[in-house]
Amino acid sequence: MIQEYREQFNREFSQEKYAKLKSILKEKSGTEPAFRISESPVFLSHALKIQLTEAAESIIDQIKAIAPEILRKAVPERYNVPNDTQHPHFFTIDFGICADEKGTVVPRLIELQAFPSLYTFQKVYEDAFCETYPFLSEIRNDMPEELYIHHLKKVILGDESPEHVILLEIFPEQQKTAIDFLCTENMLGIKTVCLTQIKKQGRKLFYDNNGKQTEIRRIYNRVIFDELEHIPDLKAGFDFREDLDVQWVTHPNWFFKISKFILPLLKHPLVPKSYFLHEFPDYEDLGNFVLKPLFSFAGSGVDLHPAAAVVEAIKDKENYILQRKVQYEPAFKDINGDYSKAEIRLLYVWHEDEERPVLLNNLARMTKADMVNVSFNKKDAIWIGSSHAFFIKE
């Protein structure tokens, strides 16, 4: 993929530069990443960028056309949170870099979600790549840093001052994405607060802001709501399902609405066919599909080779989908002549006063395993882990 930039990067790569890249990330954030940082970025053509964005725009059009009562069916009653919003504040779409039947490299939709990803870290990561390899600056994101920060401030802070906005997580210092929390604090001036540290008075929420009990008016939510019930003896400061005087960014209900739940409803040449498990037709071959639970995170519960007996034994078939398999293309050559596969996540923000989301950035994940998740990689592999995609200018 994009031979000129790949060859130059591989020529310039060294373990010293890799160490420098990670050192810059630690310096700018204040901590080391708890996930693996890939040695290499991903280089993609302008034509592939057009394919990605056009497919994403079609998906957005289709989602906007889905009736609200259909989307509401995605939210389990026990997780329903009051005061829902018309659309989510964050919207991400994952595409695998694949090959079609002719061997042409094409993107294929893998998943999508209305949940914030590494929006601030990814900006710092791109900057670190460009600082370590200056030639990358000529193909970096066109969006000026001031505009990038403006979009994040507008969507997360709204009209509130930073002291009345928090990033909410469960035991944030234990999360793999803690580096993004620190980058967010640095960029936006808000604090990261654990769910157990919130105080509730009537319908209002408060947190300890340097010794002062401060009202929370907006919550930049990083809690995966359905994970709460898996933490024994969790002493949360409030219940998400209460009617509270607070604005959610993004509202927890959208985690369920924009998820695997809507994959069977989408139609596009770059969207692999999906079915709810209880609606899987007899004429399809199970061997061509991947089994995914509707409500899971980071690849949990995915079965790449579902057996008929396993599928038949599932009681709540309405909570699973079968998605047609895609073939990731080993397209990204490392310094040893081996090839990695990659997934590209498009990162959108969706302002409350706008009809469509804005594409802000991307993140990439590289692998040499069957699944694009660092947990499935060999420990001595290179060109794997969290990365960033640079798109060649037209």
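The values are calculated or read from the model by the stated rules, or taken from the named source; none is laboratory data. All figures in this text were calculated on a predicted structure; none of them were measured in a lab. Cβ placement follows ideal geometry from the backbone for every residue including glycine, while neighbour counts extend to all protein chains displayed.
Within the stretch 100-146, take every residue that is among the acidic types (Asp, Glu) and more than 23 Å from the chain's Cα centre (by Cα) and give me the one that is surrounded by the fewest Cβ atoms within 10 Å (Cβ to Cβ).
Our first condition is that a residue be among the acidic types (Asp, Glu); within the stretch 100-146, this holds for 100-101, 111, 126-127, 131, 138, 142, 145-146.
Still in the list and also more than 23 Å from the chain's Cα centre (by Cα): 100-101, 131, 138.
Working: Asp100: 14, Glu101: 6, Glu131: 14, Glu138: 11.
Residue satisfying both the conditions and the ranking: Glu101.
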Index of the failed condition, Lys199 passing every other in (1) crowded, with 19+ Cβ neighbours inside 10 Å; (2) in contact with a strand residue (DSSP E or B) (Cβ under 8 Å, 6 or more places away or on another chain): (1)
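Hand me the list of helices (runs of 4 or more DSSP H) wholly inside the stretch 145-261 holding 1 or more residues that are among the aliphatic types (A, V, I, L, M).
Correct list: 145-156, 178-188.
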Selection count, the stretch 299-333, where residues are in contact (Cβ under 8 Å) with a residue 24 or more places away in the chain, surrounded by fewer than 20 Cβ atoms within 10 Å (Cβ to Cβ) and touching a helix residue (DSSP H, G or I) at 6+ places or on another chain (Cβ under 9 Å): 9
Selected residue (criterion: nearest to Lys154 (Cα to Cα)) from residues of the stretch 224-241 that are exposed (fewer than 13 other Cβ atoms within 10 Å of the Cβ) and either in contact with a His (Cβ under 9 Å, 6 or more places away or on another chain) or among the charged types (D, E, K, R) (or both): Asp239
The lone exception for Pro269 - which of (1) buried (at least 20 other Cβ atoms within 10 Å of the Cβ); (2) out of contact with any helix residue (DSSP H, G or I) (no Cβ under 6 Å at 6 or more places or on another chain); (3) outside any helix (DSSP H, G or I) it fails: (1)
Test: residue in the stretch 117-134 that is at pLDDT 95 or above, out of contact with any Asp or Glu (no Cβ under 6 Å at 6 or more places or on another chain) and assigned to a strand (DSSP E or B): no
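I need a count of the residues in the stretch 45-57 that are of a type in the set (A, V, I, L, M, F, W, C) and under 19 Å from the mean Cα position of the chain (by Cα). Quick ask: steps written out before the conclusion?
Here is the first cut: in the stretch 45-57, the ones of a type in the set (A, V, I, L, M, F, W, C) are 47-48, 50, 52, 55-56.
From what is left, the residues that are under 19 Å from the mean Cα position of the chain (by Cα) are 52, 55-56.
Qualifying residue count for the region: 3.
Please indicate, with yes or no, whether at least one residue in the stretch 105-116 is closer than 30 Å to Ala19 by Cα and in contact with a strand residue (DSSP E or B) (Cβ under 8 Å, 6 or more places away or on another chain).
Filtering the stretch 105-116 down to residues closer than 30 Å to Ala19 by Cα leaves 116.
With the extra rule that they be in contact with a strand residue (DSSP E or B) (Cβ under 8 Å, 6 or more places away or on another chain), the set shrinks to 116.
Yes: one or more hits.
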The stretch 357-375 residues that are under 16 Å from Phe391 (Cβ atoms) and surrounded by fewer than 23 Cβ atoms within 10 Å (Cβ to Cβ), paired with ones that are modelled with pLDDT of 70 or more and of a type in the set (Ser, Thr, Tyr) (beta carbon under 6 Å, 6 or more apart): Leu359/Tyr348
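With the requirement that a residue be assigned to a strand (DSSP E or B) and either modelled with pLDDT under 90 or in contact with a helix residue (DSSP H, G or I) (Cβ under 7 Å, 6 or more places away or on another chain) (or both), what does the stretch 279-298 give you? Spell out the reasoning first.
Keep residues of the stretch 279-298 that are assigned to a strand (DSSP E or B), which gives 289-293.
Listed by number, the residues that qualify are Leu291, Lys292, Pro293.
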Inter-residue pairs, beta-carbon under 7 Å, first among the polar types (S, T, N, Q) and in the stretch 164-192, second assigned to a loop (DSSP other than H, G, I, E, B), 6+ apart: Thr177/Leu118; Thr184/Ile190
Residue in the stretch 322-343 that is modelled with pLDDT under 90, on the phi < 0 side of the Ramachandran plot and of a type in the set (S, T, N, Q) present: yes
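With Ile60, Ile37 as the choices, which residue is under 19 Å from Phe390 (Cβ atoms), under 19 Å from the mean Cα position of the chain (by Cα), surrounded by 13 or more Cβ atoms within 10 Å (Cβ to Cβ) and in contact (Cβ under 8 Å) with a residue 12 or more places away in the chain? Spell out how you get there, then give the answer.
Values: Ile60 fails: under 19 Å from Phe390 (Cβ atoms).
Criteria check complete, one pass: Ile37.
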Residue check, Ile219 surrounded by 15 or more Cβ atoms within 10 Å (Cβ to Cβ), under 20 Å from the mean Cα position of the chain (by Cα), at pLDDT 95 or above and not small (Gly, Ala, Ser): yes
